[in-house]
Amino acid sequence: MLNYNSPINETKDFNNLKMSEESPIMKLVIRGKKREFISKVGKLLNILLPNEPNTSTVGNNISALWLSPDEWMIHSNDKIDKNNNMYPIEEDLINNIHKINLGAITDVTDQFTMIKMEGSQIYELFSNSCPFNFNDFKKKKGAVTQTIINKIDVIIHNKEINVVNLLVRRSFSSHLWSWLNDGAKRI
Amino acid sequence: MFIINCPYCGEREQSEFKAGGEAHIVRPKQPTELSDDEWAEYLFMRKNIKGVQFERWVHIHGCRKWFNMVRDTSNDQIHAVYKMGEKPPVK
């Protein structure tokens, strides 16, 4: 993990809405098209990559989010060691997939910021500036979507009912955090 | 504003997408044998029909995949959406 100061270093508690940054969390983007790639990742990580669009699978230590037909995001469920820059999972994937040109592994740990949101007002807040229809999404545990909130690209993972992981690029995280705080005061 | 049915992600709002111009333009097999006018025709000239048009679109704020769309430019009615490499379902 790189040595940087996160712009979000506070926990906010509003009426029926709690927000905080989850850090440090390991995040990898893996890409591959072949069937062999999917089975090999499954064996290495002991997790089945979600085939169905807009879904996720949660394992003991890691979760896999569907991003596109040949792209997934893998993230650790628990916080990792802040001083470590290489992860055993990443090394396994690089040695067994990347080095034999079966797929691509990219470490995005420091590229994405994960904001954990809890409460019943999450989707009320998102709906202020998001074109996505959350009616079915909010009822489906494990649903994933990539969309825009206040014109910022985000990945939304409906981890549990009324518990959401919001992934945003680090350079936009401060702006989005300010917008979320501002919006949450008004709901 | 209209809803586009992304062939990978499902129904999403138009603001998540970006238009990529006319679809099904085939690159000439022997570009060196073309005249400047023919090359310019391939490179720059695009149709701008008021009516049904075949277009390329990309789900830029979603799965980032390109696909084709048959759209009536006069009323934004979408007649078909199909993946890259597939033949257009309507003529």
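Where a number appears in this text, it was derived from the coordinates with a stated rule and is not lab data. Values in this document were obtained by computation on a predicted structure and should not be read as measured data. Methodologically, a virtual Cβ is constructed for each residue, glycine included, from the backbone with ideal geometry; neighbour enumeration extends over all protein chains shown.
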Once Lys and Arg are counted +1 and Asp and Glu -1 for all other residues with Cβ under 12 Å from that of A:Glu124, the total becomes +2
Along the three principal axes, how long is region A:74-187 when you take its alpha carbons, biggest first, rounded to the nearest angstrom?
50, 29, 24
Among A:Ser20, B:Tyr82, A:Ile148, the residue whose Cα sits farthest towards the positive end of the charge dipole of the protein assembly as shown (+1 at Cβ of Lys and Arg, -1 at Cβ of Asp and Glu, taken about the Cα centre) is B:Tyr82
Excluding same-chain residues fewer than 8 positions from A:Lys138, which aspartates and glutamates have a Cα within less than 15 Å of its Cα?
A:Glu118, A:Glu124, A:Glu160
In whole angstrom, how far apart do the alpha carbon centroids of region B:26-91 and region A:27-93 sit?
35
